[in-house]
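To start, the structure under review is shown below, and the notes come after it.
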Amino acid sequence: MAYIDLKNELPGIRGPMVYRPETGKVLNELAEILLHDENNTLSRGERELIGAYVSSENDCFFCQHVHGAMAQHYFKSDAQFIDNVKKDFRSTTISAKLKSLLAIAGSVQKGGKSVTPEQIEAAKNLGATDREIHDTVLIAAAFCMFNRYVDGLNTWAPKDRQMYVDRAPMRAAEGYSQAGLTK
Amino acid sequence: MPYINVDKDLPGIRSLMAFRPETAKPLSDLAEALLRDSTGLSRAERELIATHVSYLNDCFYCHNSHGELAVCYLDGNRELVDAVRKDYRHADISEKLKSLLQIAAKVQQGGKAVLPEDIANAKQNQATDRDIHDTVLIAAAFCMFNRYVDGLASVAPADMASYPLRAKQVAENGYGPHIYSTTQPQSVVEEVHA
């Protein structure tokens, strides 16, 4: 049960977002531009995979399953593929460039100063642009916020992973709009 | 040197925001909503939470920038801000703010580090649900801002005298687009008139 009275029964981040709409609105705008906006050379699936990976590293059940299911939807994969990326992305079939970006995201999860010039160099050598590196760092950093928000307030999360998979197509169609929060 | 090609005349997060204005908008709106609100927690208390978390994350630019904002709101009491930054338990602040800083420091470690007893302690010290909510989100947001600033190796101004000048601008104007469209103020040596 959440540490504070959120005045609603919504799971995960949706509870505190509806509790405090002024910040909820802005957090959703950030998620929309980082994860759903079409004006990006990283695909939606790649961006969601970065979010799911960082959430897994932060051990945030709600976020890793919401965003894992989103990535699964965009990649048209099964849940095993997402689990493999979370467990050991280097041994999966994703592109070398995406692996280099996940390595950067993994460092950001530990702390900003953990990112090394060698990791940036490796990503650039594999064709990552400055903006892609920027977005990778900010997505990883944003999930270090979202995950702490969700778990720091002890919000509840549905246990059944299929529920997350079932919701993904709706979220993919609508994006991260405030309107979708209470559905 | 920053890892990506940003405007060299802008420091810290402001160089990154200018690089990508689309994400700068919700980031500055978030700072505005969390740090400029004064319901329950004062602006000074909010900036102190941000300063302490940034200090724990070893983010030089953020803990100095937000520390100076707190100094501004506390009418120049830099000693108090330095005490909170490094060791809030022995600082001359309310028990309520200490209990909230304890929650913020747990959030810095990770969401699951916050325990029911941390929350109970804050509630016993008259923290409201909204105070606790805002404390958790401010702390979490600075775990993002700090990683953004240091993860891209942005540059922090070495001129320490420029931070109070900058803080004054933000205290007056808030966290609007001016924060990534104007350069860091230069500190000027005052002329002595005979």
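The values are calculated or read from the model by the stated rules, or taken from the named source; none is laboratory data. None of the values given here were measured: they were computed from a predicted structure. In this analysis, Cβ positions are derived from the backbone assuming ideal geometry, glycine residues included, and neighbour counts consider all displayed protein chains. Protein only, heavy atoms only, side chains kept; ligands, DNA and RNA dropped before computing areas. Shrake-Rupley method; radii C 1.70, N 1.55, O 1.52, S 1.80 Å.
In the stretch A:75-97, the qualifying residues are those that are more than 17 Å from A:PHE143 (Cβ to Cβ) and of a type in the set (Phe, Trp, Tyr), and the one that is most open to solvent (accessible area, probe 1.4 Å) is A:PHE75.
Report yes if some residue within the stretch B:75-98 is charged (D, E, K, R), surrounded by 24 or more Cβ atoms within 10 Å (Cβ to Cβ) and more than 14 Å from chain A (Cβ to nearest Cβ); otherwise report no. Step through it out loud before you land on a result.
In the first step, residues of the stretch B:75-98 are kept if they are charged (D, E, K, R); the result is B:75, B:78-79, B:82, B:85-87, B:89, B:92, B:95-96, B:98.
Now narrow it down to the ones that are surrounded by 24 or more Cβ atoms within 10 Å (Cβ to Cβ): none.
No, that holds for no residue.
Quick grid of which residues meet (1) hydrophobic (A, V, I, L, M, F, W, C); (2) in contact with an Asp or Glu (Cβ under 7 Å, 6 or more places away or on another chain):
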site: A:LEU30; (1), (2): yes, no
site: A:LEU35; (1), (2): yes, yes
site: A:GLU48; (1), (2): no, no
site: A:ALA52; (1), (2): yes, no
site: A:ASP59; (1), (2): no, no
site: A:HIS67; (1), (2): no, yes
site: A:PHE75; (1), (2): yes, no
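Consider the stretch A:32-46 and keep the residues that are open to solvent by 10 Å² or more (accessible area, probe 1.4 Å) and in contact (Cβ under 8 Å) with a residue 60 or more places away in the chain. The one that is nearest to A:LYS97 (Cα to Cα) is A:THR41.
Residues in the stretch A:133-174 that are more than 8 Å from chain B (Cβ to nearest Cβ), outside any helix (DSSP H, G or I) and open to solvent by 30 Å² or more (accessible area, probe 1.4 Å): A:TRP156, A:LYS159, A:ASP160.
What residue, among those in the stretch B:9-24 that are open to solvent by 20 Å² or more (accessible area, probe 1.4 Å) and in contact (Cβ under 8 Å) with a residue 24 or more places away in the chain, is farthest from B:ARG166 (Cα to Cα)? Explain how you work it out, then say what you get.
From the stretch B:9-24, those open to solvent by 20 Å² or more (accessible area, probe 1.4 Å) are B:9, B:13, B:18-19, B:21-22; that's our starting set.
Still in the list and also in contact (Cβ under 8 Å) with a residue 24 or more places away in the chain: B:9, B:13, B:18, B:21.
Details: B:ASP9: 14, B:ILE13: 13, B:ALA18: 17, B:PRO21: 20 Å.
The selected residue is B:PRO21.
Of the helices (runs of 4 or more DSSP H) lying entirely inside the stretch B:1-108, those containing at least 2 residues that are of a type in the set (Lys, Arg) span B:43-56, B:78-87.
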